[in-house]
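Written out below as structure tokens is the structure these notes cover.
The values are calculated or read from the model by the stated rules, or taken from the named source; none is laboratory data. Because the structure is a prediction, the values reported are computed rather than measured. Here the Cβ positions follow ideal geometry from the backbone for every residue, glycine too, while neighbour counts run over all protein chains shown. Side chains included, ligands, DNA and RNA excluded: accessible areas come from the protein's heavy atoms. Shrake-Rupley method; radii C 1.70, N 1.55, O 1.52, S 1.80 Å.
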Amino acid sequence: MPGLQLERLISYRFAVVVLSLLLAASAAGWILTELIPPDFPESIELYRERWGDAVASMIAFAELYDPFHSVWYRAVLALFLVVLTACLATRWRQFIRRSLEIPIPERLEQLEKRKLRVRIDLPPGRSRGENSGSGNRSSPAYGGMDGLMEETRRFFGKRGYSVAFERREGISLFGAVAGRWRFLGNFLFHAGILTITVGAVIGSFWGGSGFVYGRPGDRLPLPGSADSLIVEDFEILVGEQGAIRDYISTVTIVDGEGESLMTGEIEVNEPMRYKGLNIYQSSYFAAENEFESAQISLFKEGRVERLERGGSLELPERGLTIEPGRFIPDFRMGPEGPFSASLSMQNPALEIMVEGMGRVERGWLFLKHPRFNSKFDLPVEPTLVEIEPVYYTGMQVSYNPGEHVLFAGFLLGTVGLIPLYLLSHRVIGGALLKDHILIAGLQYRWKVGFKEEFDAMSDELTRILDRAAD
């Protein structure tokens, strides 16, 4: 009973079941990566507000933001590796043996029972006997049995068959096989699949990814490396219609001493590669409460003043001082007060404090909806004309130590596919008898095509033997 259970475990049928489970898990993983942002852990509080605490906690527990490195995916992948390894370990000898051997029929009856067979009669007086005599003369054309065997070997060899003879029970039996290297291709293909799976396991268990966010001038730790990354510049490219066309980060990688190791640009769909790391341009956002500068129109005459971050506007002729407060990229009002619904510039708003005439007033200015601006009981009518936010670039850093193993598996599997699909394995068995030759088709994949080949070879062999006997 234990042996039977082990046989079921290492069967290809069970491997197909596990493979189907792996494909389903992989498909689910790809769908989840489209639905759940990979920076979910870094922005989990934001997603708790959007999706609710229960959903966010479930996503975090099941690691659905990074499914290919989750526990459940690793379990399925490891199970497939075990089953595939067991299947290949118990069958590799069979693959190699069938690639090297030329099967010869055990008995004449094995040929006579085949439906696809043909008997080729030898002309009278042209039998396989080696001694001259009235009933069994030697054939000069054949040269006796040895000549007939050589003629048969030459005939099948010209058609891509390897031939081996063996004398059993007084009969010369032979086997002719074509396409036997197909089994070697089958072995290499399965070995390639196994190697790919090993690479996937290495990547899933020991690989990973991380996110770094920074503004120009920031030095950020580089996940998977002891080096660091400095954000030199970040640029957003806008098309003619105002739509964002691309965004690019210029970065420098430095070592622990601050020495520059590499400088380059990271663009959407054009990652930077560094020592096994792939650095992708993933996202960007406008930082809350940070802005470079704001253009504010203060009076009806259209006078515009520039308000710098951390600075203030002094208007001595009016006796006023204006200082910036909070900046919110996507302004919303909630039960607990103003908050940003996202980190994009959907509804930018700037809080200002106006001090003068013995009092201080606070209010909000909206870039896209100025009619909702706060009203001040002071000789000023501020309007937000323009604001330049501080953009943080988001870069995903992924590393896969099994990458080279994956490439080796793809190469090995591709090499195996060539003989696997280009070669057709066919086995013909035969017997050289006193007055006739019997040949039969023993193994073949495509019955119709092989029957046509078998009939054509039978007719051709008959003609060759007849001509040699004349």
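Contact map, segment 431-457: residues that are polar (S, T, N, Q) paired with residues that are assigned to a strand (DSSP E or B), Cβ distance under 8 Å, separation 6+ or inter-chain. Pairs shown: Q443/R426; Q443/V427. Within segment 113-139, the set of residues being in contact with a helix residue (DSSP H, G or I) (Cβ under 8 Å, 6 or more places away or on another chain) and either modelled with pLDDT under 55 or open to solvent by less than 20 Å² (accessible area, probe 1.4 Å) (or both) comprises I120, L122, R126, R128, G129, E130, S138, S139.
Being under 21 Å from R180 (Cβ atoms), surrounded by 18 or more Cβ atoms within 10 Å (Cβ to Cβ) and out of contact with any strand residue (DSSP E or B) (no Cβ under 7 Å at 6 or more places or on another chain) narrows it down to one of L422, L417, L412, so name that one. Let's see the steps before the verdict.
Numbers: L422 fails: surrounded by 18 or more Cβ atoms within 10 Å (Cβ to Cβ); L417 fails: surrounded by 18 or more Cβ atoms within 10 Å (Cβ to Cβ).
On inspection, the qualifying residue turns out to be L412.
Any residue in segment 206-216 that is without any contact (Cβ under 8 Å) to a residue 24 or more places away in the chain and farther than 19 Å from E42 by Cα? First the steps, then the outcome.
Looking only at segment 206-216, we keep the residues that are without any contact (Cβ under 8 Å) to a residue 24 or more places away in the chain, and these are 216.
The next check asks that each one be farther than 19 Å from E42 by Cα; those that pass are 216.
Scanning segment 206-216, I find at least one residue that is without any contact (Cβ under 8 Å) to a residue 24 or more places away in the chain and farther than 19 Å from E42 by Cα, so the answer is yes.
Does A431 satisfy the condition of being aliphatic (A, V, I, L, M) and under 23 Å from M145 (Cα atoms)? Taking the combined requirement at face value, the residue satisfies it.
How many residues, within segment 77-103, are surrounded by fewer than 19 Cβ atoms within 10 Å (Cβ to Cβ), within 27 Å of S26 (Cα to Cα) and aliphatic (A, V, I, L, M)? Total satisfying the criteria: 7.
Whenever a residue of segment 158-185 is open to solvent by less than 30 Å² (accessible area, probe 1.4 Å), its partners that are part of a strand (DSSP E or B) and hydroxyl-bearing (S, T, Y), lying with C-beta atoms within less than 8 angstrom and at least six residues away or across chains, give the pairs A176/S162; V177/S162; A178/S162.
S424: within 12 Å of T152 (Cα to Cα) and in contact (Cβ under 8 Å) with a residue 60 or more places away in the chain, yes or no? No.
Residue by residue, here is whether (1) modelled with pLDDT under 90; (2) closer than 30 Å to V380 by Cβ; (3) not in a strand (DSSP E or B) holds:
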| residue | (1), (2), (3) |
| --- | --- |
| D246 | yes, no, no |
| S249 | no, no, no |
| E265 | no, no, no |
| R273 | no, no, no |
| Q281 | no, no, no |
| K300 | yes, yes, yes |
| E305 | yes, yes, no |
| E314 | yes, yes, no |
| R318 | yes, yes, yes |
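Scanning segment 153-171 for residues that are at pLDDT 90 or above and either at positive phi or part of a helix (DSSP H, G or I) (or both) gives R153, R154, F155, F156, G157, G160. Give the number of residues within segment 251-262 that are open to solvent by less than 40 Å² (accessible area, probe 1.4 Å), under 13 Å from A226 (Cα atoms) and assigned to a strand (DSSP E or B). Total satisfying the criteria: 2. For N269, the conditions (1) under 27 Å from T393 (Cα atoms); (2) in contact with a strand residue (DSSP E or B) (Cβ under 6 Å, 6 or more places away or on another chain); (3) without any contact (Cβ under 8 Å) to a residue 24 or more places away in the chain; (4) polar (S, T, N, Q) all hold with the exception of (2). The residues listed here are V380, V354, V360; of these, the one that is open to solvent by 60 Å² or more (accessible area, probe 1.4 Å), aliphatic (A, V, I, L, M) and farther than 30 Å from P38 by Cβ is V360. Looking only at residues in segment 347-385 that are at pLDDT 90 or above, not in a strand (DSSP E or B) and not hydrophobic (A, V, I, L, M, F, W, C), the one that is nearest to E292 (Cα to Cα) is P348. Applying the criterion of being out of contact with any Leu (no Cβ under 7 Å at 6 or more places or on another chain) and in a loop (DSSP other than H, G, I, E, B) to the residues of segment 140-152, the residue that is most open to solvent (accessible area, probe 1.4 Å) is P140.
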